[in-house]
1. Six or more apart or on different chains, Cβ under 9 Å: which pairs go from a residue in the stretch 31-52 that's over 16 Å from residue 135 (Cβ atoms) to one that's modelled with pLDDT of 90 or more and not in a helix (DSSP H, G or I)? Could you list them?
2. Mind telling me which of the residues 216, 208 ends up being buried (at least 22 other Cβ atoms within 10 Å of the Cβ), assigned by TED's automatic domain parsing to the domain that holds residue 173 and over 17 Å from residue 148 (Cα atoms)?
3. Would you check if there is a residue in the stretch 147-167 being over 22 Å from residue 215 (Cβ atoms) and in contact (Cβ under 8 Å) with a residue 40 or more places away in the chain?
4. Is it the case that some residue within the stretch 188-204 is under 26 Å from the mean Cα position of the chain (by Cα), in contact (Cβ under 8 Å) with a residue 24 or more places away in the chain and over 18 Å from residue 149 (Cβ atoms)?
5. Every residue in the stretch 189-235 that is on the phi < 0 side of the Ramachandran plot and outside any helix (DSSP H, G or I), please.
6. Taking the conditions exactly as written (surrounded by fewer than 18 Cβ atoms within 10 Å (Cβ to Cβ), farther than 23 Å from residue 32 by Cα and within 25 Å of the chain's Cα centre (by Cα)), does residue 167 satisfy them or not?
7. Quickly run through the stretch 190-205 and pick out the residues that are surrounded by fewer than 19 Cβ atoms within 10 Å (Cβ to Cβ) and farther than 17 Å from residue 229 by Cα.
8. Keeping to the stretch 123-139, report how many residues are surrounded by fewer than 18 Cβ atoms within 10 Å (Cβ to Cβ) and closer than 11 Å to residue 86 by Cα.
């Protein structure tokens, strides 16, 4: 188990020593990083916001092998071409993150006490969040919004499936607001204005859903799709 745990960090450390602050991820499209990141987050998020907060270490021990496996997949994933500039910063934080996963796995394997394991998990989670923040950009947030909108527009909308659209309204609203907040913080008035239209369209979808008006839900999605493409045209 130890050989597998440390293999990724060993290879990354070699690359880091050889290339300094270079990109340690493959770059190209189609990218696999976002999906690998989602898979990792789907495992770590519920642990962090459930058992770890409750100081219950058992689920962490039970899922440590899967956590390491998903870390490996994430570290070996392909980054989208548009993130080439962010890759050096991501890579330097990825090394810290990957080592923190190994430290957590080592604590579990060594039979460390619960507080040591929980502390190692929280340090790993902090390192993971830091790694993700290095990719934060307008393009990244817009693409995250698109991952929710795309299947609704190309799958649910053609089938007049208003229920599927309603189910995703909270995610659409939150991700649109994230773009607005980012644009405001970075003094990007054009993006802030365009993203505000996304928020407005999400609010309209909320109202349509509350009124149980499926026709309005479908029309609201049309308006959201138009607002989204206004953003894409100005990127």
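The values are calculated or read from the model by the stated rules, or taken from the named source; none is laboratory data. All of these numbers come straight from a predicted model, not from anything done at the bench. In this analysis, Cβ positions are derived from the backbone assuming ideal geometry, glycine residues included, and neighbour counts consider all displayed protein chains.
1. 43/63; 47/63; 50/56; 51/57
2. 208
3. yes
4. Among the residues of the stretch 188-204, at least one is under 26 Å from the mean Cα position of the chain (by Cα), in contact (Cβ under 8 Å) with a residue 24 or more places away in the chain and over 18 Å from residue 149 (Cβ atoms), which makes the answer yes.
5. Within the stretch 189-235, the first condition is being on the phi < 0 side of the Ramachandran plot, and the residues that meet it are 189-211, 213-235.
Matches in the stretch 189-235: 211, 213, 234, 235.
6. Numbers: surrounded by fewer than 18 Cβ atoms within 10 Å (Cβ to Cβ): yes; farther than 23 Å from residue 32 by Cα: yes; within 25 Å of the chain's Cα centre (by Cα): yes.
Yes, satisfied.
7. Within the stretch 190-205, 203, 204 meet the criteria.
8. Final tally of qualifying residues: 5.
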